[in-house]
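The values are calculated or read from the model by the stated rules, or taken from the named source; none is laboratory data. This one's a predicted model, so the numbers in the text were calculated from it and none came from an experiment. Backbone-built Cβ (ideal geometry, glycine too); neighbour counts: all protein chains shown.
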Amino acid sequence: MHAAMTGEITAPPPELGDVEWRVEPGLLDYAAGVADMTQRAEAIAAGAARERIWLIEHPPLYTAGTSAVASDLIAPRFPVHETGRGGQYTYHGPGQRIAYLNIDLARRGRDVRLFVQAIEHWVIAALADLGVPAWTADGRIGVWTHDRDGAEAKIAAIGVRVRKWVTLHGVAINVAPDLSHYSGIVPCGIRAFGVTSLAALGKPADMATMDAALATHAPALLAMVGDSTRA
């Protein structure tokens, strides 16, 4: 078990109730993070653990979702990990806030589409607090905004998996990553649009500010998904 995983459990908004809110310090090894997330999902499904919102950063790497196309891996300059989440290729690395969500949909209505929409609304609301207007786009997964040149660009990627009605993976928000690292892939299989970040837009680009905005809107995320007491 990665040592840092026993570390910081910051005080969550009281409206989160029994949902654990964890902010992981440092860079978390990808395989260790996925193993911990998977173990947590199994425990939640068995009624042996609380739901969790886990905020992390990974070292530089690419992940291939279940719809990944080999030709979209242009130059594998970083390790490539196959993952069970939906979607195609994406990048994770320092300066990117990843939220892994272990949420029990069996107790919240069993609506995966609504869960994804709730993540979208959560991220859009948090970005608005930081001065970034953002939106979703038909046929393009993720959260989008305008780059400084006015072109539409992705600022957050979403990919989820559901096992025994417990969610895994979640969302990756570009706070201040090295955007040149995306050059090794076609992000999410979309060639016509680029990627951007809070830093590239000249907005607050530290993790504490991003985390505070996410915490503010986390109760609305859970409320949209549904009451955890519902059978």
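Being charged (D, E, K, R) and without any contact (Cβ under 8 Å) to a residue 60 or more places away in the chain is a condition met by no residue of the range 173-184.
Condition check ((1) over 12 Å from the mean Cα position of the chain (by Cα); (2) in a strand (DSSP E or B); (3) not aromatic (Phe, Trp, Tyr)) across all residues:
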residue	(1), (2), (3)
122	no, no, no
132	yes, no, yes
156	no, yes, yes
169	no, yes, yes
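Taken over the range 203-218, the residue count meeting the criterion of being over 20 Å from residue 26 (Cβ atoms) and free of Cβ contacts under 8 Å to residues at least 24 places away in the same chain is 0. Applying the set (1) surrounded by fewer than 20 Cβ atoms within 10 Å (Cβ to Cβ); (2) closer than 20 Å to residue 21 by Cβ; (3) touching an Asp or Glu at 6+ places or on another chain (Cβ under 8 Å); (4) aliphatic (A, V, I, L, M) to residue 166 leaves exactly one unmet item: (1). Would you say residue 173 is closer than 20 Å to residue 78 by Cβ, under 18 Å from the mean Cα position of the chain (by Cα) and of a type in the set (A, V, I, L, M, F, W, C)? Against the criterion (closer than 20 Å to residue 78 by Cβ, under 18 Å from the mean Cα position of the chain (by Cα) and of a type in the set (A, V, I, L, M, F, W, C)), residue 173 qualifies.
The condition of being surrounded by fewer than 22 Cβ atoms within 10 Å (Cβ to Cβ), without any contact (Cβ under 8 Å) to a residue 60 or more places away in the chain, touching a His at 6+ places or on another chain (Cβ under 8 Å) and not acidic (Asp, Glu) holds for only one of 200, 153, that being 153.
Residue-level check: of (1) modelled with pLDDT of 95 or more; (2) out of contact with any strand residue (DSSP E or B) (no Cβ under 7 Å at 6 or more places or on another chain), residue 66 misses just (1). Residues that are outside any helix (DSSP H, G or I) and either surrounded by fewer than 17 Cβ atoms within 10 Å (Cβ to Cβ) or at pLDDT 90 or above (or both) do not occur anywhere in the range 211-223.
Comparison of 172, 200, 231 shows that the only residue that is modelled with pLDDT of 95 or more, over 18 Å from residue 64 (Cα atoms) and of a type in the set (A, V, I, L, M) is 200. The C-beta contact set for the range 118-130 (first residue free of Cβ contacts under 8 Å to residues at least 40 places away in the same chain, second residue crowded, with 20+ Cβ neighbours inside 10 Å, distance under 8 angstrom, 6+ apart or interchain) comprises 120/143; 120/158; 124/134; 124/143; 128/134. For residue 86, the conditions (1) more than 13 Å from the chain's Cα centre (by Cα); (2) surrounded by fewer than 18 Cβ atoms within 10 Å (Cβ to Cβ) are fulfilled apart from (1).
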